[in-house]
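In what follows, a structure is listed as structure tokens, so that the remarks can point back to it.
Rule-based calculations on the coordinates, nothing more; no lab input. None of these values were measured; they are calculated from a predicted model. Every residue, glycine as well, gets a Cβ built from its backbone with ideal geometry; the counts of neighbours run over all protein chains shown.
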Amino acid sequence: FTAAGVQVVADDEVVIGGHLSPGGASGLRAYRSIIYRVESGQLSQVYGGGEGWIQAMSHRGSDVWAVSAVLRPEGSGSLYDLLVSEDGGRNWQERGRIPAGSITAIMVEGGGCGWVIGAGDLWRSCNSGERWTPVAAPRRPRGIAQPLVGTGPGHALLGGPSLHRTDDGGEHWVELSPDEVVATDGRYVVGTAGTAIRVGVIEGDTVSWRGVHPGELFATQVVSDAESLLILAAPVGPRAGRGLLFIRSEDGGRSFEESLRRGSTRSEDVSLSGPRRVLRLDRRRRLRSLVARPN
């Protein structure tokens with residue numbers, strides 16, 4: 001089993017999407033999409049078995065959306081469909097095709113609205129995937145993952161080479177920072193400073209940059225509560241492949257403590273459940289609750 005995302009939808013309730021490779025078969029056509037749900041420590045399959053894989057997942061409250069992908073018949077590129085759960089991942093509905101050429105991430109806005117982003121594609125639906133409308137992004141989306149975070153109805157943040165915000169569903173965008181942003185939770189942002197990372201906080205229509213954490217690493221997630229924040233990052237350079245880094249700050253990103261967790265190097269196996277709690281999926285499909293302590 002290979003996970004595409006771990007979504008913590010409530011206390012002791014987690015939804016995990018990904019794919020199986022039956023019999024050890026190789027190649028995308030052998031993949032079988034599957035979604036698991038964990039409640040009170042018990043894992044159960046709630047969707048899957050068909051050809052393809054789960055490409056991306058997102059949730060807001062009890063609304064969980066997933067992108068299911070299959071190879072195109074001609075073998076070049078993928079076709080994408082939307083799966084929707086309105087009860088925290090217990091039951092799933094197939095909502096049909098997403099007309100995007102590529103998808104790297106999905107974001108649930110709430111109220112039946114959601115977004116998908118890919119290389120050159122940004123789309124929004126406000127009827128739970130029945131129809132999709134292309135959105136003119138402030139910059140052409142790249143072929144790698146860009147942070148896309150909902151902050152309320154019609155409100156979204158789009159990171160990447162710069163950070164922009166929309167308050168009207170993508171009709172207009174305001175640039176909050178001209179600098180690269182690789183992760184955000186809607187309040188704090190993580191940018192790059194050479195091979196290091198730096199942390200800022202959104203204040204009105206701008207980003208106030210605070211501290212820099214040195215080292216060769218690439219951040220993928222951030223979560224915060226008041227002045228406490230936790231960043232998930234993958235080491236690059238000499239430490240590449242040794243595990244995942246958890247970087248914690250208790251003063252709003254001005255100073256940091258780091259811990260290296262050896263084992264999995266896939267950020268898709270990890271969910272930051274709060275500034276001090278990490279959920280990690282192990283090879284036996286068991287969820288491990290970790291406390292991000294400094295070394």
Rounded to the nearest Å, the spacing of the alpha-carbon centers of region 1-64 and region 80-130 is 16 Å
List the GluC sites (Glu not before Pro) within region 1-107 that DSSP assigns to loop and that have no more than 14 neighbouring Cβ atoms inside 10 Å. Glu74
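Given a Förster radius of 22 Å and the C-beta distance between Arg254 and Thr192 as r, what FRET efficiency does 1/(1 + (r/R0)^6) yield to the nearest 0.05?
Values: r = 18 Å, r/R0 = 0.81.
Computed FRET efficiency for Arg254 and Thr192: 0.80.
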Where the eigenvalues come from the Cα gyration tensor of the chain, what are the semi-axes √(5λ) of the equivalent ellipsoid, largest first, in whole Å? 28, 24, 18
At R0 = 22 Å, how high is the FRET efficiency between Arg210 and Arg262 if r is their beta carbon distance? Nearest 0.05 is fine. 0.15
Fewest Cβ neighbours within 10 Å first, please rank Arg72, Arg248 accordingly. Arg72, Arg248
Counting other beta carbons within 10 Å of each residue's own, what order do Asp12, Asp63 fall into, fewest first? Asp12, Asp63
Tell me, what is the FRET efficiency for Ser76 and Ala136 to the nearest 0.05, using R0 = 25 angstrom and their Cβ-Cβ distance as r? 0.40
So how strong a dipole does the chain carry about its Cα centre when Lys and Arg Cβ are +1 and Asp and Glu Cβ are -1, to the nearest 20 debye? 1200 debye
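Using alpha-carbon pairs under 8 Å, 6+ residues apart, how would you state the relative contact order of the chain in percent?
9 percent
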Testing the spin-label approximation: label points 7 Å from Cα along Cα→Cβ at Asn91 and Asp168. State their distance in nm. 3.9 nm
